[in-house]
Amino acid sequence: MADEHLINIGLNYTIVRPGTLTDDSASMQVTTQQPSDRSEAKISRENVANALLHIATNSFISNRIFKLFDGDKPIKAAVK
């Protein structure tokens, strides 16, 4: 698996595993907890983009794997 290779070669990494992508507007609210109902395991493309921007501009967020879904926490609080 590519993820395992990346983790094992010693580079800093952050892996984001978003839920099903939607075209909804950004709510800026996400969760890293996978919903129990599969139909709720979704996230807007805009929320993913904002989470990636947050990750890319905060060097303390490294060597982590995040599942990402629309939720009820601000991105900065959920992704840390």
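The values are calculated or read from the model by the stated rules, or taken from the named source; none is laboratory data. All figures in this text were calculated on a predicted structure; none of them were measured in a lab. Heads up, the Cβs are rebuilt from the backbone with ideal geometry, glycines too, and the neighbour counts pull from every protein chain shown.
The single condition among (1) modelled with pLDDT under 95; (2) in contact with an Asp or Glu (Cβ under 7 Å, 6 or more places away or on another chain) that Ile9 does not satisfy is (2). Count of the stretch 31-65 residues, restricted to those that are surrounded by fewer than 13 Cβ atoms within 10 Å (Cβ to Cβ), in contact with a strand residue (DSSP E or B) (Cβ under 8 Å, 6 or more places away or on another chain) and of a type outside the set (A, V, I, L, M, F, W, C), is 3.
Among the residues making up the stretch 29-80, those that are of a type in the set (Val, Ile, Thr) and assigned to a loop (DSSP other than H, G, I, E, B) are Thr32, Thr57, Ile61, Val79.
Mind listing whichever residues of the stretch 28-79 are polar (S, T, N, Q) and more than 12 Å from the chain's Cα centre (by Cα)?
Within the stretch 28-79, Ser36, Ser39, Thr57, Asn58, Ser59, Ser62, Asn63 qualify.
Please determine, by comparing only the residues of the stretch 1-30 that are touching a Leu at 6+ places or on another chain (Cβ under 8 Å) and closer than 10 Å to Asp70 by Cα, which one is surrounded by the fewest Cβ atoms within 10 Å (Cβ to Cβ).
In this case the residue turns out to be Pro18.
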